[in-house]
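Each remark here refers to the structure printed beneath this line.
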Amino acid sequence: MLQSKHPLPLVFDGAFGTYYAERTHDHAPCELANISAPETVRSIHREYIASGAQAIKTNTFACNAVTFPDRQERIRLIRAGYENALAAAEEKHTAVFADIGPIADGESSDYMEIAQEFLALGAEQFLFETQAELAPLIPVFAAIRTSVPTATIIVSFAAAQDGFTRRGRNGLQLLREAAALDTVDAVGLNCICGPAHLVRLAKEVMPLAKPFSAMPNSGYPSAAGGRTVYINNAEYFAGKLAELKELGAAIVGGCCGTTPEHIRTYVNSQHLPLPNASIPAAATQTNTQPIRPNAFRKKLMDGTKKVIAVELDPPQENDLSPLFSAAETFRDLGVDLLTFADSPLARTRADSLTTAAAIGSKTGIEVMPHLTCRDRNQIALKGGLLAANALGVSNVLAVTGDPLIDAGHGKARSVFSMNSQGLMHLIGDLNTSVFRTAPIFIGGALNINALHFDVELARAQKKIDAGAEFFLTQPVFTDEAAKNLAMAKQTLPAKILAGIFPVAGYKNALFLNNEVSGITIDEEFLAVLAAAKPEDVPALSVEYSLAMARKAAPWCDGFYLMTPLRRFDIVALLAERIRTELC
């Protein structure tokens with residue numbers, strides 16, 4: 001239970017950063033004011049205390065290596081921020097919480113550095129707020145608890161109206177996971193959501209195993225004169241905090257857009273009688289809907305026979321008819337899965353999600369779009385997944401994506417709001433909620449041609465931790481690639497489909513050898529292709545690729561055949577040979 005000097009419910013202050021900007025019209029990081037304008041910082045803290053806040057947060061939300069790369073500077077800002085809060089709180093004996101905000105792509109060590117600095121200053125109460133994931137924080141909580149067994153630790157996640165964080169995690173599931181930790185005293189939600197949406201999310205997740213903290217934004221911002229502006233709605237906000245308290249929130253306060261007036265209005269309202277509402281335990285719902293079958297997943301996970309997947313590149317034009325015809329051919333050959341790349345090499349092609357859904361629906365074969373993080377933010381990624389899943393897509397290859405080569409010159413820009421691991425987390429969380437009856441089978445990419453394959457293996461393990469259950473590899477062209485494939489199979493607890501790339505001819509092989517990273521085609525085979533007649537190329541390509549498949553066969557659970565330059569005929573010949581000889 002919380003070690004605060006104040007009994008529950010505990011009232012926190014509101015936003016520091018947006019209120020500081022409103023008061024001073026200074027839009028630089030407000031943490032700088034800890035040193036440049038300490039009296040202003042202390043004055044804001046005192047305003048919140050005078051409004052009735054029983055706990056205040058240090059002005060250190062962004063004191064991390066991303067915002068302040070100079071370590072000495074951020075240490076000075078943390079120290080000054082803590083001292084300013086203590087000075088402001090001293091007269092009223094208000095609780096002071098060391099405030100630690102999210103760190104973009106932050107590791108445990110990044111959070112640990114900040115926590116250790118606060119511990120050195122004597123801090124015993126910690127608020128990790130606006131967080132997007134839990135895993136990096138768990139070792140930090142343990143370290144704080146080891147150092148100060150009576151420490152108070154609150155962790156609060158920032159979830160949008162749909163309940164998902166910016167890292168693609170289900171915020172409500174994160175709350176449940178955090179509440180199960182012995183090292184955490186309270187869990188909550190703050191930021192991103194306005195008060196009405198936070199009330200709705202609280203209704204969905206309550207009750208929890210630990211006290212619940214609710215600190216919503218005042219509402220949703222708008223832009224005015226180059227500034228971010230929030231509506232002045234203290235009465236409305238106070239009413240929503242009262243609803244959160246009735247729902248069982250033990251801790252309430254405010255985030256972006258809130259001011260001392262918001263907190264004062266809420267505190268003053270508490271003398272009014274409130275309904276004595278109790279929150280019944282959530283009813284157990286029995287899911288009577290059957291799980292949508294996935295023949296590819298079943299065969300791959302059973303492991304009795306090797307699977308065959310074939311990649312078909314979506315077209316650069318608006319005609320899918322060649323793909324429909326090819327899909328029917330591969331279906332009739334016994335191919336288990338068709339995959340569709342997402343604008344490979346960052347060159348625009350028909351959308352992979354839509355293409356996959358259309359072909360799967362028309363031909364009945366299992367399909368798998370590749371989905372990159374390059375071109376879509378989290379809203380677009382989730383929207384595309386929702387539509388694709390509704391149309392029958394049950395497999396996704398989650399990849400970060402090739403960067404735009406001309407990103408600095410053209411109008412197109414890469415997005416990369418998350419990487420492949422974040423996308424896997426997003427899909428995994430959707431599988432536990434809206435995709436419960438039609439879960440998506442998550443795949444990842446494995447580069448067996450990586451120069452430092454130990455690093456690639458470590459990255460693959462992180463993908464497995466994020467939800468990947470199988471991998472598609474880069475093409476096997478060399479003995480070194482086959483050796484790396486064997487190492488991966490012996491190391492990774494996941495299914496692996498070995499990549500096989502039959503070349504379309506001499507020019508295609510020459511291009512791959514010289515312009516595509518990680519591909520090395522034997523010089524002797526290049527010479528054979530250079531001298532071959534066009535009509536002999538398919539058979540030569542199939543025999544060469546079949547030799548690669550034989551090398552890979554002991555160390556894979558199936559084969560991933562890539563189609564060169566729409567040469568469906570070559571891939572069909574290879575698929576038939578592999579099916580009859582190796583599967």
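The values are calculated or read from the model by the stated rules, or taken from the named source; none is laboratory data. Bear in mind that the values here come from a model prediction, so they are computed numbers and not experimental data. We place every Cβ from the backbone using ideal geometry, glycine too, and count neighbours over all the protein chains shown. Heavy atoms of the whole protein, side chains included, go into the accessibility calculation; ligands, DNA and RNA do not. Shrake-Rupley method; radii C 1.70, N 1.55, O 1.52, S 1.80 Å.
Accessible area per residue for region 1-147 is 42 Å², calculated with a 1.4 Å probe on protein heavy atoms, without ligands, DNA or RNA. Rounding to the nearest 10 and keeping the result within 0 to 90°, find how far the Cα-based axis of helix 71-89 lies from the longest principal axis of the chain. With both axes taken from Cα atoms, the answer is about 30 degrees. Measuring r between the beta carbons of GLU39 and GLN116 and using R0 = 41 Å, the FRET efficiency lands at 0.90. Measuring with a 1.4 angstrom probe and ignoring ligands and nucleic acids, LEU208 comes out at about 40 Å² accessible. Taking label points 7 Å from Cα along the Cα-to-Cβ direction, GLU543 and GLU235 give a separation of 8.8 nm.
Please list MET112, MET424, MET301 from largest to smallest accessible area, probe radius 1.4 Å, with all protein chains kept in place. Please list the in-between numbers first.
Working: MET112 40, MET424 0, MET301 75 Å².
Final ranking, largest accessible area leading: MET301, MET112, MET424.
Here ASP26 sits with roughly 60 square angstrom of accessible surface, probe radius 1.4 Å.
Subtracting the Cα-Cα distance of ALA209 and ASP70 from 0.36 nm times their residue separation leaves 46.1 nm of extension gain.
Remark: region 519-583 carries 46 Å² of accessible area per residue (probe radius 1.4 Å; ligands, DNA and RNA excluded). Taking a virtual spin label 7 Å from the Cα of ASP182 along the C-beta vector, which residues in region 123-151 bring their backbone nitrogen under 16 Å of it? In region 123-151, the label zone of ASP182 (backbone N under 16 Å from the point 7 Å along Cα→Cβ) covers 138-151.
Helix 506-515 axis versus longest C-alpha principal axis of the chain: approximately 30°, rounded to the nearest ten.
Accessible surface computed residue by residue for region 452-513, with neighbouring protein chains in place and a 1.4 Å probe, gives 40 Å² per residue.
Could you rank HIS45, HIS27, HIS425 by how accessible they are, 1.4 Å probe, largest area first?
On the way: HIS45 0, HIS27 120, HIS425 50 Å².
Descending accessible area places them as HIS27, HIS425, HIS45.
Take the cross-link list LYS382/LYS489; LYS210/LYS382; LYS57/LYS210; LYS210/LYS298; LYS463/LYS483 and give me the ones stretching past 27 Å between alpha-carbons. Among LYS382/LYS489; LYS210/LYS382; LYS57/LYS210; LYS210/LYS298; LYS463/LYS483, the Cα-Cα distance tops 27 Å for LYS382/LYS489; LYS210/LYS382; LYS210/LYS298.
Compute the FRET efficiency between GLN270 and GLU91 as 1/(1 + (r/R0)^6), taking r as their Cβ-Cβ distance and R0 = 25 Å, and round to the nearest 0.05.
Values: r = 22 Å, r/R0 = 0.89.
Plugging the Cβ-Cβ distance into 1/(1 + (r/R0)^6) gives 0.65.
Solvent exposure of ARG264, expressed as accessible area, is near 80 Å², computed with a probe of 1.4 Å over the protein chains only.
Per residue, the average separation of C-alpha pairs within less than 8 Å and at least 6 apart gives the chain a relative contact order of 10 percent.
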